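J.: Here you go, one structure.
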Amino acid sequence: MIVWPAGQPVREAGTERPYVPPAMRDGSKEMRAMNAWKSVVFVGAALAAACDGYSSGPDDGDGSLTGGFYGTIEGFEKGNPFTRTVNFQMSEYLGTVTGGFSIVGGRGAGTVSGTVTGSTVSFTFDQTAPCPGTFAGTATLAGDRLTGTYSGSSCRGAVTASFEVNRTPEAVPL
């Protein structure tokens with residue numbers, strides 16, 4: 001019998017099938033996780049290769065909304081004024097924006113999705129913390145500055161707000 005250096009047989013005993021350790025068999029939790037990561041790496045590599053030097057967005061210095069933006073949100077929640085500092089991390093590909101946002105200090109977080117037409121972004125924020133909420137709005141990109149308005153509601157009530165954020169060279173610590 002031929003064995004691998006780790007001591008595992010190359011073929012299952014009495015069969016022509018190759019030996020596969022239990023953790024690597026189809027359907028195992030480990031194999032599903034590995035296949036999921038291979039898919040993520042493959043898609044990421046394909047997108048990176050396809051995007052090399054390409055942007056569908058406005059001329060904003062680096063050619064897209066990809067990257068970090070940091071600034072201030074001011075608005076009203078249930079009629080009460082508020083001001084928050086926000087950090088956006090976004091990616092743009094073929095006019096579609098995806099990413100996330102977090103309110104500095106752990107006061108809120110969620111996802112961002114939207115579309116870009118020229119220098120205008122139509123977006124949706126899906127808040128996951130501190131409680132579920134959905135907000136929609138528009139923003140305009142001018143150079144490295146993104147300004148916009150949005151409205152919607154969360155478990156805390158109706159919200160209307162405006163924001164002004166600036167491109168950051170690196171992710172801003174939360």
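J.: Just to be sure I understand, how many residues within the stretch 121-138 are touching a Ser or Thr at 6+ places or on another chain (Cβ under 6 Å) and either assigned to a strand (DSSP E or B) or at pLDDT 95 or above (or both)?
T.: Within the stretch 121-138, residues that are touching a Ser or Thr at 6+ places or on another chain (Cβ under 6 Å) and either assigned to a strand (DSSP E or B) or at pLDDT 95 or above (or both) number 8.
J.: Additional query: Any chance the stretch 158-172 includes a residue that's closer than 13 Å to Thr66 by Cβ, within 17 Å of the chain's Cα centre (by Cα) and surrounded by 13 or more Cβ atoms within 10 Å (Cβ to Cβ)?
T.: Checking the stretch 158-172: at least one residue is closer than 13 Å to Thr66 by Cβ, within 17 Å of the chain's Cα centre (by Cα) and surrounded by 13 or more Cβ atoms within 10 Å (Cβ to Cβ).
J.: Sort out which residues of the stretch 86-112 are assigned to a strand (DSSP E or B) and among the hydrophobic types (A, V, I, L, M, F, W, C), and write them in order of number.
T.: Hits for the stretch 86-112 are Val86, Phe88, Met90, Val97, Phe101, Ile103, Ala109, Val112.
J.: Of all residues in the stretch 138-157, count the ones that are surrounded by fewer than 15 Cβ atoms within 10 Å (Cβ to Cβ), more than 23 Å from Gly95 (Cβ to Cβ) and either touching a Gly at 6+ places or on another chain (Cβ under 6 Å) or among the hydrophobic types (A, V, I, L, M, F, W, C) (or both).
T.: Total satisfying the criteria: 1.
J.: Scan the stretch 92-114 and report the pairs whose first residue is surrounded by 17 or more Cβ atoms within 10 Å (Cβ to Cβ) and whose second residue is assigned to a loop (DSSP other than H, G, I, E, B) and among the aliphatic types (A, V, I, L, M), with Cβ atoms within less than 6 Å and a gap of 6+ or a chain change.
T.: Glu92/Leu65; Val97/Leu65; Ser102/Leu174
The values are calculated or read from the model by the stated rules, or taken from the named source; none is laboratory data. No experiment lies behind these values; they were computed from the predicted model shown. Cβ: placed from backbone, ideal geometry, glycine included. Neighbour counts: every protein chain shown.
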